[in-house]
Every structure is written in C-alpha cells, then in structure tokens.
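Here the structure comes first, spelled out in structure tokens, and everything after it is commentary.
The values are calculated or read from the model by the stated rules, or taken from the named source; none is laboratory data. Computed from a predicted model, the values in this text were never measured in an experiment. Cβ placement follows ideal geometry from the backbone for every residue including glycine, while neighbour counts extend to all protein chains displayed.
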There are 4 protein chains.
Amino acid sequence: MSPRTKKQLDEIKKDKHGIILNAALIVFSENGYHSASISKIAKTAEISKGLIYNYFESKEALLNEIILSGLAKLTGFFNPNNDGFLTEDEFDLFLNSLTKIIKENISYWKLYYSVILQHSVLELLKEKIMEFTQGYFTILINYFSRHNSKNPEAEAMLLTTTLDGLAIAYVNDPEQFPIDEMIQLVIKKFK
Amino acid sequence: MSPRTKKQLDEIKKDKHGIILNAALIVFSENGYHSASISKIAKTAEISKGLIYNYFESKEALLNEIILSGLAKLTGFFNPNNDGFLTEDEFDLFLNSLTKIIKENISYWKLYYSVILQHSVLELLKEKIMEFTQGYFTILINYFSRHNSKNPEAEAMLLTTTLDGLAIAYVNDPEQFPIDEMIQLVIKKFK
Amino acid sequence: MSPRTKKQLDEIKKDKHGIILNAALIVFSENGYHSASISKIAKTAEISKGLIYNYFESKEALLNEIILSGLAKLTGFFNPNNDGFLTEDEFDLFLNSLTKIIKENISYWKLYYSVILQHSVLELLKEKIMEFTQGYFTILINYFSRHNSKNPEAEAMLLTTTLDGLAIAYVNDPEQFPIDEMIQLVIKKFK
Amino acid sequence: MSPRTKKQLDEIKKDKHGIILNAALIVFSENGYHSASISKIAKTAEISKGLIYNYFESKEALLNEIILSGLAKLTGFFNPNNDGFLTEDEFDLFLNSLTKIIKENISYWKLYYSVILQHSVLELLKEKIMEFTQGYFTILINYFSRHNSKNPEAEAMLLTTTLDGLAIAYVNDPEQFPIDEMIQLVIKKFK
DNA sequence: GATGAATGAGAATTCATTCAT
DNA sequence: CATGAATGAATTCTCATTCAT
C-alpha cells in the first residue's frame with residue numbers, strides 16, 4: 001500500500017502473480033466478490049482463465065490473498081520501530097497518513113469493507129484481520145493512556161470505529177466526501 | 001367445500017408475506033445478498049421455492065422490500081412532529097434510541113450495511129436510502145447549528161459516519177462490542 | 001364456426017365450459033400454446049385457475065377440445081346433404097364460404113395452423129384432423145372428376161394445400177392480405 | 001503441454017458450432033421451439049448444456065442463427081446474377097429447385113414454417129425473413145408482368161402462398177405427399 | 001508455464017397441477 | 001361448484017473449476 005517505485009511496479013507487472021492480484025482487486029472492487037467472475041479477472045489481467053489456477057487455489061484464495069497482502073503492507077507502517085509510541089505530532093501524522101493510504105487504494109478499501117460485512121466466507125480472514133487490527137489498536141491505547149485519563153481503551157475503540165465510518169463513507173463516494181475536513185475534525189475531538 | 005372467504009385469504013397472505021420476509025432477512029444477513037439463494041430462503045421459511053414468487057416479483061424485489069420497510073419503520077421515529085427540532089435531552093435520547101433500534105434488529109442492520117457497500121445492484125434502493133438519510137441528517141444539522149457555531153454540516157456528517165462505524169462494529173460482533181459505552185462517549189464528544 | 005344467434009351466444013356465456021373454451025382460444029392464439037398460461041386463461045375467463053380443471057383434464061386436453069370442436073362445427077357445413085355433389089356455382093360458393101369462415105374465426109385458424117406444425121404433441125389430434133379433412137377432400141375429388149379429366153385427386157390436393165397457404169398468409173396479416181382477390185384467382189385457375 | 005494453436009482452436013470451434021447447430025435444428029423441428037429444451041439439444045449434440053452458451057448467447061440466438069443461415073444459403077440461389085430475370089425454362093427450374101431444396105432440408109423447413117406462425121418471439125427474425133421473401137417475390141412479379149397481363153402482383157402472391165401451402169403439406173408428411181406431381185401441376189397452372 | 005474448450009452443479013424463475021377450504 | 005395458495009419439476013442461464021494439448 002505504501003507508494004511504489006517505478007522499478008517495483010515494473011517487477012510486479014512482469015510477475016504473473018502480481019498481475020493477477022491487481023486485476024482481481026480491480027474486478028472485485030468494481031463488481032463485488034460474488035459478481036466478479038474469474039473470466040473477467042482473466043480478461044482484465046490479459047491472461048487465460050486457466051493460468052489463474054496455476055497461481056491460486058480458488059477464487060476465495062485469491063480474495064484472501066488480496067485482503068491479507070494489503071494488510072501486510074500496512075503492518076510495517078503502523079509499527080515502524082516497534083515501540084508503539086506516538087507523540088502528539090505523530091498522532092496527527094498517523095491520522096493524515098491513514099487518509100493518504102485510503103486515497104491511494106480506494107479499490108482495496110472498498111473491497112475490504114464489503115468483505116468484512118459478509119459472514120459466510122472468511123472466518124480465517126477475520127482472524128487475520130483481528131490480529132492486524134490489534135497492532136494499531138495497541139498504539140492508540142498507549143497514546144490515549146498518556147493523554148486521556150478516563151478510559152483509553154474506549155477512546156481507542158471509538159477512534160477506530162470512527163475512522164472505519166469515515167473510510168466507508170469516503171470509498172462510497174470519493175468525489176463528494178470531504179475526508180480531509182472530517183479528519184481534522186476527528187483530530188480536534190480526540191486530541 | 002366452499003372456498004375460503006376473502007378475509008381468510010387476506011390473513012393467509014399477510015402471514016406468509018411476513019414469514020417469507022423474516023426468513024429472507026435472516027438468510028440475506030447471514031450469507032449476503034448474492035450467496036443467499038431462494039432455495040435457502042424457502043427452506044428457512046419452510047415453504048416451496050415457487051411460493052416466494054407468489055408474494056414477491058423477484059429476489060431483488062424481496063431485498064428491496066426488506067430494506068425499505070425497515071427504513072419506513074424508522075421514518076416516524078426520526079421526524080415525529082416533523083419539525084426536526086432536537087433539544088439536548090432529545091439529542092441524548094436520539095442516540096440511545098438508535099442503539100436500541102440496532103440492538104433489536106441486528107440482522108436487519110447487518111444486511112443494510114452490506115447492501116450499501118455493494119455497487120452492482122440496487123440503484124433504486126440507494127436513492128430511497130439517500131432520501132431517508134437526508135431526513136435525519138437535516139435534524140442533526142439543525143441541532144448543531146444551534147449548539148456548535150463553527151461548521152454544523154461537518155459536525156453532522158462526522159456524527160453520521162461515526163454512528164455508522166459504531167453500528168457496523170456492533171453488528172459484526174454484538175457479543176463483544178460495548179455499544180452503550182461507545183454511545184456515551186459519542187454523546188460527550190458531540191455535545 | 002357457423003354464425004351464432006344472440007341466444008346461443010348467451011347460453012355459451014352462461015356455460016362455464018364454453019367460457020373457458022373461448023378464453024383459451026383467445027389466449028392460445030395470441031400467445032401460442034406453450035406461452036399461454038393457465039393463469040392467463042383463467043384471468044381472461046374471469047374464473048379461478050382451479051375451475052378449469054373441473055372442466056378439462058389438462059392444458060393439452062383443453063387445446064384438443066378447442067381444435068376438435070372447431071372442426072366439428074365445420075363438418076355439417078361441408079357435407080350438408082351428405083351427397084358430396086358440387087355444381088359449379090356451389091364450387092364458387094364453397095370457396096367463398098371458406099373465406100367467410102376463416103375471416104370470422106381468425107383466432108381459431110391461427111391456432112389451428114400453428115398446432116398442425118408441431119410434431120411432439122397431438123398424434124391423436126392429427127388423426128382426427130385427417131378424418132375431417134377426408135370429408136371435404138372427397139367432395140373436391142368428386143367435383144374435379146366431373147370437370148377435369150386428367151387427375152382429380154391431384155387437382156383436389158393442390159386446391160387444398162393452396163387454400164391452406166392462403167389461409168395461413170391471411171391469418172398472419174389479416175389487415176394486408178387480399179384474401180378475396182386471391183380466392184377469385186383460385187376460382188379462375190381451378191375451374 | 002503447449003497450448004493448442006490458434007488454428008486448432010478455430011477448427012474445434014467451427015466443428016462444435018456446426019454440431020450444435022445441427023442438433024438444435026433437429027430438436028427444434030421435432031419439438032417446436034418452446035418444447036425444445038437446451039438440455040435436449042445438449043444431449044443430442046452429446047455435449048454439456050454449458051457449452052452451448054460458449055457458442056450462442058441464448059436459446060433465441062440459436063434459433064435466429066439457424067433460421068437466418070438457412071435463408072442465407074438460399075439468397076444466392078434466387079438471385080444468382082442479381083438481375084431477377086426469369087425465362088420460362090428458368091421458371092420451371094426455379095420451381096423444381098425449390099422442391100429439391102425442401103426435400104434436402106425437411107427439418108429446416110418444418111422449423112421455418114412453425115416459426116413464422118408464432119407471434120410471441122421473434123420480431124427481429126420476422127423482419128429478416130420479410131427482407132428475404134421480398135427478394136424472390138420481386139423476381140416472380142417481374143416474371144408474371146412479362147407473361148400475364150392482368151395482375152402480376154396477385155399472380156405472384158398466389159404462387160407464393162401456394163408454394164408455402166405445398167411445402168407445409170410436404171414437411172408434415174414427406175412419405176405420402178406427392179410434392180413433385182404437385183409442382184408439375186403448379187407449373188401448368190401458373191405458366 | 002499457458003491456453004481456453006468443456007463440464008456440471010447450482011442459480012433464479014415459471015407454471016401446470018393439486019387440494020384444503 | 002369454486003377458489004387461489006401451495007407445490008415441485010423443469011427451464012434457461014452462469015460460472016468456478018478442470019484438463020487435454
């Protein structure tokens with residue numbers, strides 16, 4: 001999810017695995033998981049249907065890998081020096097980075113949020129997502145326990161769900177929703 | 001021997017209509033719209049597949065009626081005397097009622113949020129939802145314009161997305177998510 | 001198929017059997033046998049679906065009875081005094097009567113011709129139709145054997161198929177097709 | 001190991017396309033369009049149901065292609081040098097060729113006539129058929145205007161419907177109906 | 001690795017027919 | 001006699017997945 005150099009992009013392009021992943025992300029996010037067909041993904045990736053099954057076990061495995069590899073890219077970001085310590089400036093930076101991350105990967109987050117609202121599939125996926133969420137949740141609790149006497153867990157949790165709410169509203173209508181203004185308001189309310 | 005009276009038939013119809021609607025809500029919310037099959041709904045309702053089509057034109061019509069009749073129930077609630085005026089006490093009451101409404105209809109709101117995150121289908125449905133959303137958005141703007149000098153629209157928008165975020169978190173894990181505590185925090189932050 | 005008096009029509013109207021038959025003829029001829037549903041027939045007849053099954057064993061039985069009762073009405077017409085003797089004037093009258101019969105029962109003949117081109121159903125029906133056809137075929141052979149030395153059977157057969165061809169063209173586009181002019185030409189060619 | 005060449009694939013496609021078309025013609029003509037199921041066609045073609053949809057968009061598209069490709073084969077025949085000029089010998093040839101064409105494609109013509117007697121479907125198809133029919137109608141009018149002073153249009157129209165009548169009688173009972181003898185009689189009557 | 005023809009399970013929907021009332 | 005709710009088999013069509021090449 002972090003910005004990629006041109007060279008990295010070229011490598012991904014050459015790599016069939018990455019090509020398929022990108023095509024699938026686009027098709028999934030445009031059509032929704034169930035309406036997205038393997039055929040459409042293959043056409044988007046400009047390869048054959050069969051080849052997808054050389055790289056991925058199933059349509060569901062493809063979805064899982066998209067979601068998880070997206071999260072994996074974030075992991076480093078939220079816990080850079082593994083100390084989980086946020087200054088006030090870093091808190092602002094943290095929130096603003098979030099916006100940037102979402103803006104640069106609208107397709108991904110569109111898919112992400114539509115997926116977490118589906119029961120049936122995805123028990124495994126949910127666990128992994130939980131795991132990841134813990135990481136940045138911890139950072140937030142730590143921050144609030146230093147700034148906000150009463151109930152840091154609750155504060156962190158509210159911030160998390162608020163950001164989810166914002167992200168959902170934004171990916172649903174990126175042209176209209178004033179995500180930056182909203183984030184500034186959040187910063188004011190949670191500082 | 002003699003055919004059933006019109007009254008008897010009307011009752012049968014009303015009952016079955018409700019039974020199908022309930023079954024569909026459960027199956028839709030557990031599986032998501034696309035994975036929920038008419039077969040599964042029929043089995044849940046303990047009727048035949050064909051009967052569903054005596055009561056609803058199509059799978060999509062069934063979804064529409066579920067979503068819209070759910071919203072219709074809310075309409076009266078958010079605009080009781082049609083003035084859209086909220087006192088501070090009413091603001092608290094408003095938020096707490098929201099929780100109650102969500103708690104009592106977890107399946108419905110699970111479905112509702114999974115639907116608004118789907119692009120493919122449902123243009124008509126989205127319009128109707130927008131219409132409804134406007135109603136309570138107006139009330140909030142009105143409230144904030146009396147309490148919060150700076151930017152009532154932004155404030156109302158943030159509250160709306162925050163509540164959506166909370167609702168989504170809650171319906172995804174009703175056992176764990178401390179919705180009441182969260183709402184209290186929201187009240188504090190937005191008053 | 002012969003014109004009915006007003007009283008006869010009223011009797012038919014009162015008679016459910018006849019009502020159903022009429023409704024079915026209309027719906028069959030407008031939609032074709034397979035696309036015509038029992039529901040539509042019931043609606044057209046302004047009765048319930050179930051009642052149709054009090055009078056007819058099945059949809060197919062209904063079709064059979066329509067076709068056969070239509071033919072039965074013709075039987076008397078073509079063999080009034082059972083002698084099968086046609087003068088030249090009667091020959092003209094015969095052909096002109098045919099036109100009249102078709103014009104007055106477009107729906108019936110539309111259905112009739114669409115039915116005889118379907119293999120699957122209707123073995124029984126075909127036999128009955130054959131039987132009927134024989135009747136007026138005989139009359140024609142008799143006529144031609146008195147007027148046309150060479151091959152009366154062939155002449156009669158050609159006239160029959162020619163008339164079928166005309167009838168089909170007419171029922172397919174009654175507004176445009178100049179059936180009367182055509183019949184006059186036929187009279188000229190076969191006299 | 002290596003994928004099939006484009007040429008191989010094209011051959012497979014062409015073959016299967018033809019196999020499906022043949023099977024569909026048989027099943028359609030035996031059962032009528034509505035009673036002919038995709039399942040039956042697949043079974044006749046000895047392939048899976050799904051494959052039919054790799055080659056044809058829908059059941060209706062399949063019917064259209066059968067009918068239209070059949071007509072296309074005729075186009076060249078009736079308008080060889082595009083002048084629409086028929087000598088008397090050519091007129092005889094024309095009629096005799098017609099018989100041959102029908103005899104060699106009984107299934108096709110059975111289907112053709114059952115289709116033009118159906119209202120429901122097929123508006124597009126009917127238009128195309130009209131277009132084609134015009135072509136040979138023009139040739140006939142031209143012929144009769146040179147041979148028959150009175151009313152060439154009527155003459156051409158009667159010949160057309162007569163031939164339709166003959167064709168229908170023949171395809172309904174190819175074993176019994178003396179099509180050749182009939183055609184000779186037609187030639188005599190229309191020359 | 002790569003292709004895409006082929007499969008078959010399953011989806012939504014229709015509709016003739018039954019039957020309790 | 002009459003009703004229409006209810007059934008379930010059959011239909012068209014889709015699509016993830018397989019596999020010969």
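Listing for the model above:
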quantity	calculated
Criterion violated by residue B:104 - all others in (1) at pLDDT 90 or above; (2) within 16 Å of DNA strand E (Cβ to nearest atom) satisfied	(2)
Every residue from region C:174-191 that is touching a residue at least 12 places away in the same chain (Cβ under 8 Å) and not in a helix (DSSP H, G or I)	C:174, C:191
Boolean, residue D:111 is over 24 Å from residue D:178 (Cα atoms), surrounded by 12 or more Cβ atoms within 10 Å (Cβ to Cβ) and of a type in the set (A, V, I, L, M, F, W, C)	no
Within region D:141-150, tally of residues that are within 14 Å of another protein chain (Cβ to nearest Cβ) and in a helix (DSSP H, G or I)	1
Unique residue being more than 27 Å from residue B:164 (Cα to Cα) and either out of contact with any Lys or Arg (no Cβ under 6 Å at 6 or more places or on another chain) or more than 14 Å from DNA strand E (Cβ to nearest atom) (or both) when the list is B:99, B:5, B:87	B:5
Qualifying residue in region B:97-110 (condition: over 18 Å from the mean Cα position of the chain (by Cα) and away from every other protein chain (no Cβ under 13 Å))	no
Count - residues of region D:44-61 that are within 11 Å of DNA strand E (Cβ to nearest atom) and part of a helix (DSSP H, G or I)	8
Breaking point among (1) touching a helix residue (DSSP H, G or I) at 6+ places or on another chain (Cβ under 8 Å); (2) within 13 Å of chain B (Cβ to nearest Cβ); (3) aliphatic (A, V, I, L, M), for residue A:130	(1)
Any hit, region D:114-127, residues being within 13 Å of another protein chain (Cβ to nearest Cβ), hydrophobic (A, V, I, L, M, F, W, C), within 23 Å of residue D:173 (Cβ to Cβ) and in a helix (DSSP H, G or I)	yes
Pair list, Cβ under 6 Å, 6 or more apart: region D:5-29 residue within 25 Å of residue D:105 (Cα to Cα), other residue among the β-branched types (Val, Ile, Thr) and within 10 Å of DNA strand E (Cβ to nearest atom)	D:20/D:52
Boolean, residue B:185 is at pLDDT 95 or above and within 21 Å of residue A:155 (Cα to Cα)	no
Qualifying positions in region B:151-173 - part of a loop (DSSP other than H, G, I, E, B) and at the interface with chain A (Cβ under 9 Å from one of its Cβ atoms)	B:151
Subset of region A:12-57 (residues that are within 8 Å of DNA strand F (Cβ to nearest atom) and in contact with a His (Cβ under 6 Å, 6 or more places away or on another chain))	A:34
Residues satisfying the stated conditions in region B:1-56, i.e. of a type in the set (Gly, Ala, Ser) and either at pLDDT below 95 or within 21 Å of residue B:69 (Cβ to Cβ) (or both)	B:2, B:18, B:23, B:24, B:29, B:32, B:35, B:36, B:42, B:45
Filtered residues of region B:17-42 (kept if part of a helix (DSSP H, G or I), closer than 17 Å to residue B:58 by Cβ and either away from chain A (no Cβ under 14 Å) or among the small types (Gly, Ala, Ser) (or both))	B:17, B:20, B:21, B:23, B:24, B:38, B:39, B:41, B:42
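Residue-wise test of (1) closer than 30 Å to residue B:155 by Cβ; (2) within 13 Å of DNA strand E (Cβ to nearest atom); (3) surrounded by 12 or more Cβ atoms within 10 Å (Cβ to Cβ).
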| residue | (1), (2), (3) |
| --- | --- |
| B:9 | no, yes, no |
| B:12 | no, yes, no |
| B:16 | no, no, yes |
| B:25 | no, no, yes |
| B:29 | no, no, yes |
| B:35 | no, yes, yes |
| B:70 | yes, no, yes |
| B:93 | yes, no, yes |
